[in-house]
Amino acid sequence: MRLALFDLDHTLLDGDSDQLWCDFLIDKGLLDKAIFSAKNLTMAHGYKSGAVDVQAFCEFYIGTLTLKSPQDWEPLRQEFLSAWVVPRLCGGGIAQIKAHQANADRVVMTTATNRFITELTAAHLDIKELIATEAEIQDGLFTGRTSGVLNMREGKVRRLLTWCTEQSLNWEQLETWGYSDSINDLPLLEAVTHATVTQGDPKLRAEAFKRDWPQIDWF
């Protein structure tokens, strides 16, 4: 079995799904620009540096869904995909996905962004396997809290190994590829057989240079 693992934001997407979602809601008048624009920028800078608190980062963006149901959000989620996400998907990344699929490799999207925001993107890319941060739902409504292990940094590896167990796959017997842009994904890239840095941030580029990992730019 061969497994290809793709990060989403700044890897397949020219932008960050969480931050774009926040900007989208501000643009629609559903979030207060004075409050959320500055916080969004702060979170973006913290993420790029690898210094942001994982729980705070995930809950800030999941918090934008609070006290509405998935059904309430569905029309906006569809609009977000078509108007804000699809135009930013990069051709090079899509071609790499198709190359793995043509080789009968199992392709997985693994992202720190929550499942509700990213599952339509995975479907659009014809990626059937998605590992993402989970948003808690109670009584049919988003609570604004996360659920389970966050799919970020070391959590991506934990969630991946759990997923493999659920799929009856032996991680040690797999040949694996990993694609990411972010120093936050260093644990994931260290875990795979073949690591590739895509549009890497400065810290990850430095690691790639030391480890002789290939670096590509799909944008």
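Every read-out reported here was derived from the displayed coordinates using simple, explicitly stated rules and does not represent laboratory data. The structure displayed is predicted, hence computed values, not measured ones. With ideal geometry, Cβ positions are generated from the backbone for all residues, glycine too; neighbour counts draw on all protein chains shown.
Results, tabulated for the structure shown:
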item	result
Choice from 30, 12, 189 with maximal GNM fluctuation in the chain (Cα, 10 Å cutoff)	30
Stretch gain in nm, segment residue 211-residue 154, where the contour uses 0.36 nm per residue and the Cα spacing is subtracted	18.6 nm
CD proxy at 222 nm, helix term only [per DSSP H run n ≥ 4: -39500 (n - 2.57); per residue of the chain; nearest 500]	-13500 deg cm²/dmol
Antiparallel content of DSSP bridges confined to the chain, in %, to 5	20
Per residue Cα convex hull volume in Å³ - calculated over the chain	116
For the chain, built as a Gaussian network whose Cα springs stay under 10 Å, the top-fluctuating residue of 75, 202, 187	75
For residue 4, net neighbour charge (Lys/Arg +1, Asp/Glu -1) across residues whose Cβ lies under 15 Å away	-1
Listed peptides 111-123, 59-71, 32-44 by packing density, highest first (mean Cβ within 10 Å)	111-123, 59-71, 32-44
Highest average packing first - 83-95, 13-25, 147-159, Cβ atoms within 10 Å	13-25, 147-159, 83-95
Added length on full extension, which subtracts the Cα-Cα distance from 0.36 nm per residue, residue 71 to residue 128	18.4 nm
Kirkwood-based Rg to Rh ratio, the range 21-95, C-alpha trace	1.00
GNM flexibility winner over the chain from 101, 78, 167 (Cα, springs under 10 Å)	167
The chain: relative contact order in percent, alpha carbon pairs under 8 Å with at least 6 residues between	26
Residue 33-residue 101 pseudo-label distance in nm [points 7 Å out on the Cα-to-Cβ vector]	3.8
